[in-house]
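Here is the structure we will look at, set down as structure tokens.
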Amino acid sequence: MYFIFEMKFSSNKNYITQLIRAYAAKQEIIAEVLQTDAKIVLICRQEDEKLESFLLGLEDILPSSLFFGKSKHYFSEEKPVFQSIQEVDLPVNIAPCPTCQKEMFDVASRRYYYPFTSCNNCGSQHPFLTKYPYKRANTTMKFLVPCKACEEEAKVNALRLDYKLISCIECGISIRMLDKESEHLAHNKGDFRKLFEVSGGAVAAGKSVLMKTQHGYRKFFNPKNNKDKVSESTLIIVSASALNTHLMVVEQEFNALLSIERPLLRVATKSDELKELYGSSVLVKYPDEGMTMLLSKEAVSAGLDYIAYKECDETEEADFLVDFDMPIQTQKDTKIFINQDVTLFISGERILYPTQVPSAIKRVSVAHDLACVNVDGNNIIDSLEVFDSIHSNEIYMFENEDLESQHSNEKQFGQYEASMMSVIAEHNLLGQKTVGVHFDGSLNFLYYNGTKVINAVPAIDFESDNLWEKISTLRDGSDRLVGNYKKAYPEIWERLDNLAGDMDIFEVTAITLGLEDESFEGISAEALSFLGKGGLQIDTKVKDNRFDNYAFLTSIMSYQLGDVENDYMCYSIYESFGDYIGEIVPQLLEKVKTNNLVLSGETFANQSLYARIQRTIGQYKPHTNKIFPMGKENAVHGALYL
Ligand SMILES: [Zn+2]
Ligand SMILES: [Zn+2]
């Protein structure tokens, strides 16, 4: 009799599968662990007397993951057959697994307070990679020789068998702390612990600590003592118990924040102190890599519930500097969006990249510093820098990429077409007529005829310079509005009169409304704080069904003159976009005779717009990226199918 345990898993990443395999080996249980395109399956003999203790132990060593869905177990006389996916050994860039974390806080271990603790299936590995294929000699760790204990461990510890980046305090990366007068080098466990203790204490006391982390330089500070710095910072809740005290999180959000992938997430604030500091919502994460985790642990000891950091470079001014010499490659952090049981990746590289794509593709694509390249028979998408040389019959290059390929067969592509193809490929719609909406600052309605993507209703180009001239000639009476606006809001009028030409409509809208955060995020945060029901109709078009940015701005200005509150206005902005999309999409679907609809672009990852879209076009069951980001970083994937 077989015992079968199936866990839904919505990714081709194999660190969970491998961790279960390693643990089975460690527990000396005979188990088959395999991964399909939708789940991880564990098959054991029911008679195995170690089964029960193995399953219990599994709960302790398995991290929670963003990709996990429901699980189930059953018994079967016959051994079931599953279609496994191809597994490629790629460097991960996630938090340490539960076993590694335990080591970091075990005074008896060789990695007590060692921030670079990781194993085959966890931690920050990608930052050390210099090129493929992934082996120690191709990482910056090659400069360090493992000590005897590490060498021995790599032969016997199931979680670190032949682990490429094995290291400990004895043989690993050393760190140091500097203030204006002195420098302290950490040599042993005691020093490592002391260094983080001092750093945590400094942050608690209102000082700033510039720290090189495995995700780049971060300047850490206590938001309460540095109110002027909070606007451009990310909040770290340093203990899980403080999460519910300060934030309004539903279960899915709570689980996502604590998952081993540690994504960035915008959530509603709850406690009065956070409301005062950040307003109605805040971009938040849970400690995500060794340096940040150890600092956070000491911040808890110093009595803090949260700290904040600003992404910066090594030249940033701070009271203390914590540094290490090992060169690292950083990845753009990944933001997710959660609406009920839907989790979408908005933007970023970490967590999702590197990844592998089907090996049948014989093309290299490059977009936004990411490339898809064949390495030893596997197509890998990763940062351009980690590919040594590129051989291919053809290269698809993003039109704005700052790179000369010198390739004789180079083709260029645009964002919207590649983004749409990424969704189409993910949902197996290749070759089928599909309507698409790409919304990334500007809004485009697309049509894929089975071979190529056509911009069916392109946005009218928006240029933010000479704004008043464009608005005053929009239609009869527009010049009067401009005059009234100048009288009512002279300062905003002045600013809008002097804009550079390259700002997007959301930045200009945020400036018009006088929002502190002059971006899409600012409008979105403001919209979230609106608790009423909608109703304002904001103009989105003047002619041929095309979205008109100038008409849109004009409409906002006249409401502003009519004293409409900002939160109501911001909410209505999304509502109007949702209605406009809801009007055009059915017409297009009808016209080209298809039911396939895909959405791309990060503007869709917004609670207000998402809710509205569900109401207006939810019946057509629109597809979005699930595995790749819905923002611009999906282009490197989509270009493979252009
Ligand atoms: Zn681990
Ligand atoms: Zn060692």
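The values are calculated or read from the model by the stated rules, or taken from the named source; none is laboratory data. Just so it is clear, the structure is predicted and the values come from calculations on it, not from any experiment. Here the Cβ is made from the backbone with ideal geometry for all residues, glycine too, and neighbour counts use every protein chain on show.
Observations, loosely collected:
- Residue in segment 456-477 that is part of a strand (DSSP E or B) and in contact with a helix residue (DSSP H, G or I) (Cβ under 7 Å, 6 or more places away or on another chain) present: yes
- Count of residues meeting criterion [assigned to a helix (DSSP H, G or I) and either in contact with a strand residue (DSSP E or B) (Cβ under 6 Å, 6 or more places away or on another chain) or under 17 Å from Asp465 (Cα atoms) (or both)] in segment 487-498: 7
- The criterion of at least 2 residues that are at pLDDT 95 or above and over 21 Å from Asp517 (Cβ atoms) is met, among strands (runs of 3 or more DSSP E) falling completely within segment 189-237, by 209-213, 216-221.
- If you go through segment 220-251 and pick out every residue that is more than 17 Å from Leu304 (Cα to Cα) and not small (Gly, Ala, Ser), you end up with 7.
- Members of segment 437-453 that are closer than 19 Å to Tyr641 by Cβ and not in a strand (DSSP E or B): Asn449, Gly450, Thr451, Lys452
- Taking each residue of segment 557-586 that is buried (at least 23 other Cβ atoms within 10 Å of the Cβ) and looking for partners that are of a type in the set (Asp, Glu) with beta-carbon atoms closer than 6 Å, six or more apart or interchain, yields Cys570/Glu526.
- Residues that are charged (D, E, K, R) and more than 21 Å from Ala459 (Cα to Cα) within segment 522-577 comprise Glu526, Lys533, Asp563, Glu565, Asp567, listed in sequence order.
- One residue stands out in segment 411-446 among those that are within 22 Å of Gly578 (Cα to Cα) and hydroxyl-bearing (Ser, Thr, Tyr): the one that is surrounded by the fewest Cβ atoms within 10 Å (Cβ to Cβ), namely Ser442.
- Hits in segment 120-131 (condition: closer than 20 Å to Cys97 by Cβ and in contact with an Asp or Glu (Cβ under 6 Å, 6 or more places away or on another chain)): Ser124
- The one condition in (1) of a type outside the set (S, T, N, Q); (2) crowded, with 21+ Cβ neighbours inside 10 Å; (3) within 16 Å of ligand 2 (Cβ to nearest atom) that Gly200 fails to fulfil: (3)
Residues are listed down the side, and each one gets a yes or a no for (1) of a type in the set (D, E, K, R); (2) outside any loop (DSSP other than H, G, I, E, B); (3) on the phi > 0 side of the Ramachandran plot; (4) touching an Asp or Glu at 6+ places or on another chain (Cβ under 7 Å):
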site	(1), (2), (3), (4)
Pro133	no, no, no, yes
Met141	no, yes, no, no
Glu152	yes, yes, no, no
Lys155	yes, yes, no, no
Tyr163	no, no, no, no
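- Across segment 447-458, the number of residues qualifying as out of contact with any Phe, Trp or Tyr (no Cβ under 6 Å at 6 or more places or on another chain) and either under 19 Å from Phe547 (Cα atoms) or surrounded by 15 or more Cβ atoms within 10 Å (Cβ to Cβ) (or both) comes to 5.
- Filter pass, Asn549 being at pLDDT below 80, farther than 17 Å from Phe604 by Cβ and among the polar types (S, T, N, Q): no
- Taken together, Gly601, Gly618 contain a single residue that is buried (at least 19 other Cβ atoms within 10 Å of the Cβ) and either of a type in the set (Gly, Ala, Ser) or at pLDDT below 95 (or both), which is Gly601.
- Restricted to segment 87-133, and to residues there that are under 25 Å from the mean Cα position of the chain (by Cα) and among the acidic types (Asp, Glu), the residue that is nearest to ligand 2 (Cβ to nearest atom) is Asp89.
- Here Lys155, Lys189, Lys194, Lys148 are screened, and the one residue that is more than 16 Å from ligand 2 (Cβ to nearest atom), more than 20 Å from Asn14 (Cβ to Cβ) and not aromatic (Phe, Trp, Tyr) is Lys194.
- Filtering segment 147-186 to residues that are away from ligand 1 (no atom under 14 Å from the Cβ) and either under 15 Å from Lys26 (Cα atoms) or hydroxyl-bearing (Ser, Thr, Tyr) (or both) leaves Lys155, Val156, Asp162, Ser174, Ser182.
- Residue list for segment 495-526, filter: surrounded by fewer than 20 Cβ atoms within 10 Å (Cβ to Cβ), of a type in the set (S, T, N, Q) and under 24 Å from the mean Cα position of the chain (by Cα): Ser519
- The set of residues in segment 306-340 that are closer than 23 Å to Met630 by Cα and assigned to a loop (DSSP other than H, G, I, E, B) comprises Thr330, Gln331, Lys332, Asp333, Thr334, Gln340.
- Among the residues of segment 459-469, the ones that are surrounded by 13 or more Cβ atoms within 10 Å (Cβ to Cβ) and either under 25 Å from His438 (Cα atoms) or among the aliphatic types (A, V, I, L, M) (or both) come to 7 in all.
- For Asn428: the one exception among (1) in the same structural domain as His623 (by TED's automatic domain parsing); (2) in contact (Cβ under 8 Å) with a residue 12 or more places away in the chain; (3) not in a strand (DSSP E or B): (2)
The rows are residues; the columns are (1) in contact (Cβ under 8 Å) with a residue 40 or more places away in the chain; (2) away from ligand 1 (no atom under 16 Å from the Cβ).
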{"site": "Gln46", "(1), (2)": "yes, yes"}
{"site": "Leu58", "(1), (2)": "no, no"}
{"site": "Ser65", "(1), (2)": "yes, no"}
{"site": "Lys72", "(1), (2)": "yes, yes"}
{"site": "Lys79", "(1), (2)": "yes, yes"}
{"site": "Phe82", "(1), (2)": "yes, yes"}
{"site": "Ile85", "(1), (2)": "yes, yes"}
{"site": "Asp89", "(1), (2)": "yes, no"}
{"site": "Asn93", "(1), (2)": "yes, no"}
